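Working notes, structure below.
None of the figures in this text is laboratory data; all of them are computed from the coordinates on show. Since this is a predicted model, take the numbers as computed values, not measurements. Reconstructed Cβ throughout: ideal geometry from the backbone, glycine too, with neighbour counts over all protein chains shown.
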Amino acid sequence: LKQQGRELVGFVDDNKEGEVDGINIIGKTDNLSELDADSFVIGIGMNLKARDLVFKKAIDAGLEPVNVIDEKAIIDKTAKIGKGNIILAGSVIGHFAKIGDNCFIFSNSIIEHNCELGNNVQLAPGASLAGSIKIGDNTLIGIGANIIEEIKIGENSIVGAGAVVLNDVPDNTVVAGVPAKELRKNE
Ligand SMILES: CC(C)(COP(=O)(O)OP(=O)(O)OC[C@H]1O[C@@H](n2cnc3c(N)ncnc32)[C@H](O)[C@@H]1OP(=O)(O)O)[C@@H](O)C(=O)NCCC(=O)NCCS
């Protein structure tokens with residue numbers, strides 16, 4: 001944030017008041033337009049519906065999404081990163097990769113060359129995407145999952161922890177296992 005000339009002024013939390021790690025909670029998601037702030041990033045993990053909902057509320061309130069990227073992440077200079085993304089330490093984003101908006105890339109995730117992530121995609125720690133993989137909006141890739149090259153994963157889907165994905169995954173589908181198989185639909 002400092003590199004972008006910005007500072008963290010506070011958290012927004014619908015369920016808590018007071019402070020977190022010495023940083024004040026300055027409001028709730030229903031009063032975003034009244035905050036003394038001009039930009040935001042969504043800090044919610046796992047709950048992709050909540051992430052999407054609050055992201056849209058913040059945009060409607062006139063706030064600008066900003067990226068928060070750990071200085072220990074490695075991002076190729078040809079990669080295109082959207083807005084409102086969190087990219088944690090040890091992540092590697094390769095040649096010509098594209099990341100949408102409001103994605104959460106946890107530690108040590110690998111997004112190899114030419115991969116394309118939609119909006120609100122979450123990669124749990126240590127998830128590895130080989131080259132030229134496409135991932136649709138609102139999809140979660142579980143911790144330590146591996147996906148082979150040129151696979152397409154649909155929207156609103158989940159790849160389970162530790163899965164090895166060898167085939168395309170349709171929209172609204174939960175897969176898990178080695179090799180990954182459909183567990184259920186994601187309602
Ligand atoms: C895939 C997942 C979403 C399934 O959750 P679920 O629908 O609640 O599934 P259940 O826990 O009811 O398990 C259903 C069956 O699938 C199996 N299963 C669940 N997750 C699995 C996984 N990751 N790999 C292999 N099998 C799995 C269960 O053992 C169970 O098998 P059984 O019917 O033979 O007993 C979940 O287990 C998962 O892996 N989530 C990702 C978590 C993660 O990465 N968090 C990171 C936080 S940053």
Separation between Cα centres of the range 17-73 and the range 101-171, rounded to whole Å: 23
query: Can you list the residues, at least 5 places off or on another chain, whose amide H is less than 5 Å from the amide H of Lys181, using H built in the peptide plane?
result: Ala176
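Would you list Leu117, Leu35, Leu183 from fewest to most Cβ contacts within 10 Å?
Fewest to most other Cβ atoms nearby, the residues stand as Leu183, Leu35, Leu117.
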- request: Give me the angle, in degrees from 0 to 90, between the Cα long axis of helix 48-60 and the longest principal axis of the Cα atoms of the chain, rounded to the nearest 10.
  value: 40
Order by protection proxy (mean Cβ within 10 Å, highest first), peptides 17-30, 50-63, 132-145: 132-145, 50-63, 17-30
query: How large is ³J(HN,Hα), in whole Hz, for each residue of the range 143-154 in order, when computed from phi with the Karplus curve 6.51 cos²θ - 1.76 cosθ + 1.60 and θ = phi - 60°, using x for Gly and Pro?
result: 4, x, 6, 10, 10, 7, 4, 6, 6, 10, 10, x
task: Using only alpha carbon pairs under 8 Å that are at least six residues apart, calculate the relative contact order of the range 58-187 and give it in whole percent.
output: 13
message: Using amide H atoms built in the peptide plane, which far-off residues or other-chain residues are under 5 Å from Asn156 H to H?
response: Asp137, Asn138, Thr139, Asn172
- request: Would you tally the net charge around Val54, using a Cβ to Cβ cut-off of less than 12 Å, leaving Val54 out, and scoring K and R as +1, D and E as -1?
  value: 0
task: Return the sequence-ordered ³J(HN,Hα) values of the range 173-187 in whole Hz as given by the Karplus equation 6.51 cos²θ - 1.76 cosθ + 1.60 applied to θ = phi - 60°, using x for Gly and Pro.
output: 10, 9, 10, 7, x, 10, x, 5, 10, 5, 8, 5, 7, 9, 6
task: Output ³J(HN,Hα) for the range 69-81: one whole-Hz value per residue in order, computed from phi by the Karplus curve 6.51 cos²θ - 1.76 cosθ + 1.60 with θ = phi - 60°, and x for Gly and Pro.
output: 10, 4, 5, 9, 7, 10, 10, 4, 5, 8, 6, 10, 10
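How big is the chain by the Kirkwood estimate over distinct Cα pairs, in Å?
Numbers: mean 1/r = 0.0592 Å⁻¹.
After inverting the mean inverse Cα-Cα distance, the result is 16.9 Å.
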query: Counting DSSP beta bridges in the range 1-140, what percent are antiparallel, to the nearest 5?
result: 10
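So what's the back-of-envelope 222 nm ellipticity for the chain, counting only DSSP H runs of four-plus at -39500 (n - 2.57) apiece and dividing by all residues, rounded to 500? Please report the intermediate quantities before stating the final value.
Numbers: 1 runs with 13 residues, N = 187.
Computed mean residue ellipticity for the chain: -2000 deg cm²/dmol.
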